[in-house]
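The block underneath contains the structure these notes are about, expressed in structure tokens.
The values are calculated or read from the model by the stated rules, or taken from the named source; none is laboratory data. All figures in this text were calculated on a predicted structure; none of them were measured in a lab. When we count neighbours, we look across all protein chains shown, and the Cβ atoms used for this are built from the backbone with ideal geometry, even at glycine. These area figures cover heavy atoms from the full protein model, side chains too; ligands, DNA and RNA do not enter into them. Shrake-Rupley method; radii C 1.70, N 1.55, O 1.52, S 1.80 Å.
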Amino acid sequence: LARISRHSGRTQVRRLPVEKISQASARQRQGRCGRLADGVCIRLYAQEDFLRREPFTDPEILRVSLASVILQMKHLRLGEVESFPFVDPPSRGAIADGMRLLAELGAIDERGQLTALGSELAQLPLEPRLGRILLAGERNNCLAEMLIIVAAMSLPDPREWPIEQRGKAEQLHKRHQESSSDFVGLLNLWQFIDNGRTEAGSNNQFRKFLKENFLSALRVREWQAIHEQLSRLLEEREMRSNQVPASFREIHQAILSGTLGFIGFKSESHDYIGVQQQRFSISPGSALFKKSPTWIASGELLETSRLFASLCAKVEPEWIEAVAGPLCRKHHQDPHWEKKSGSVLVFERVTLFGLTLVAQRRVQFGPLDGVKAREIFIQSALVEGQMQSSAPFFAHNQGLIAEIHELEHRSRRRDLLVEEQVLYDFYEQQIPPSVHNTHLFHQWYWQAKKRKPRLLYFDRQMLLRQEGDLISGESFPGHLRIHGLELSLEYHFNPGAGEDGISVLIPLPFLNQLTPAPFEWLVP
């Protein structure tokens, strides 16, 4: 049996299943017998089991992500990966998964061509995800921190947990942990090792220091060597490290640029939902194992007995959205007029790879759909009068409409004011297509008014149907004379309501001078 690393392109998960070794691998091990004399190879399984096994172990190109291979082929201009004469050609699905990862990292464009960022990535001796994190480190002013973290991510964990001293090792390792981020924990560990090397003086003392703190001397040496090599490479490319320590946000936004496929949102069952709705848990060795933040970023998803996220950090959804940029999908619904802001707003939902980053927020609708926003603006702000404006036409038009509504109340009719479509058409014909909010409207109106002072003024005859001319003040008076007092009348056409009909307004000082009798008659 052997634990063989396999990569799932669709989910970007590295699997470590235990599989039976192939016949070729078994024969290679058999060759170790009889080097010095005749030997006997004993296999601990039946001959039939051996004959049923695969003849050869799958070549590495069929078991790993092809993103790095495709990136180098495009950089070296070796042609399309589909037509390259591989001895064991990868499947089209694996190629598509590799292309999808490169697109996620910004290394290729919509046509599959290498971008400027992709050319930079191809020149780094790193897996594309790690290279992307390193390049983001310069842009986010955290290159010094990213050099340490990327070097660590390219190696096995330098910490050791001997079975017989596991408790002591875990206790010592906790000193370097950061409760919100395993990546910051790596920075703490690096600083601890650096201080230990300075204090040790000799190599023997340094190795002793590492052993006492359950750190692998070989892996620490590799970590330092890779860090040094990357530092030299970036100096040659004139990329300068930051002198001021980076903030938590800057560090993790740089990490997110290469790990968007490994983000997760905490579900109700306290595991995490990731890309393609796959579920995973935080690795027990992580400092966040018992914290369970709402959103996490991780350095890798690894499937052993279960799917685990290793190297985890707490992140905010707005950081993810800022890094993902065009990869996010935005869904809009319910465009509506907002009187306070004087514009048409719409509810926006932001998703990334099926995960909802923003459930609902209000954004301007005009830049998204100027035509529809203009329609809503004209209808709500102007026709329905929901705009706040000091423009003289606006008060004039609203006053005319109020007068006609008053006539409708007096006559107990609802058909004196023309349809709203007439008002809409009036505004629509005169307002430019680019106007879809109050600011743009006033900007246009005050300039246009200089050329045409009566611009946008309603005419009474335009608003009133012909039947409205028959409603006279004699038939529907505005005042009632009683005992020398002139009392105002109010008309309400609202059947079923308490104020429906005609109300007379009596000033309080005159109330005792009047009797109920005159008010028991209807007005003419």
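Sparse packing (at most 11 other Cβ atoms within 10 Å of the Cβ) combined with a DSSP loop state is found for the following GluC sites (Glu not before Pro) in segment 256-308: E268. Within the set (i) 1.24; (ii) 1.00; (iii) 0.96, the number that Rg/Rh (Cα atoms, Kirkwood Rh) takes when calculated for this structure is listed as (i).
For the chain, the share of accessible area belonging to carbon and sulfur comes to 50 percent (1.4 Å probe, ligands and nucleic acids excluded). Any chance you could check the Cα centroid distance between segment 3-38 and segment 376-450 for me, in angstrom? Rounded to whole Å, the Cα centres lie 79 Å apart. For segment 211-340, the ratio of Cα radius of gyration to the globular rule of thumb 2.2 N^0.38 Å stands at 1.37. Each part reduced to its alpha carbon centroid, segment 301-332 and segment 148-194 end up 23 Å apart.
In square angstrom, what is the accessible area per residue of the chain with a 1.4 angstrom probe? Walk me through the intermediate numbers first.
Working: 29860 Å² over 524 residues.
Value for the chain: 57 Å² per residue.
Residue pairs exceeding 22 angstrom between C-alpha atoms, taken from K174/K208; K168/K266; K174/K291; K372/K452; K168/K211: K168/K266; K372/K452. Scaling against 2.2 N^0.38 Å puts the C-alpha radius of gyration of segment 293-381 at 1.51. Applying a DSSP loop filter and a limit of 11 other Cβ atoms within 10 Å to the GluC sites (Glu not before Pro) in segment 9-95 leaves E80.
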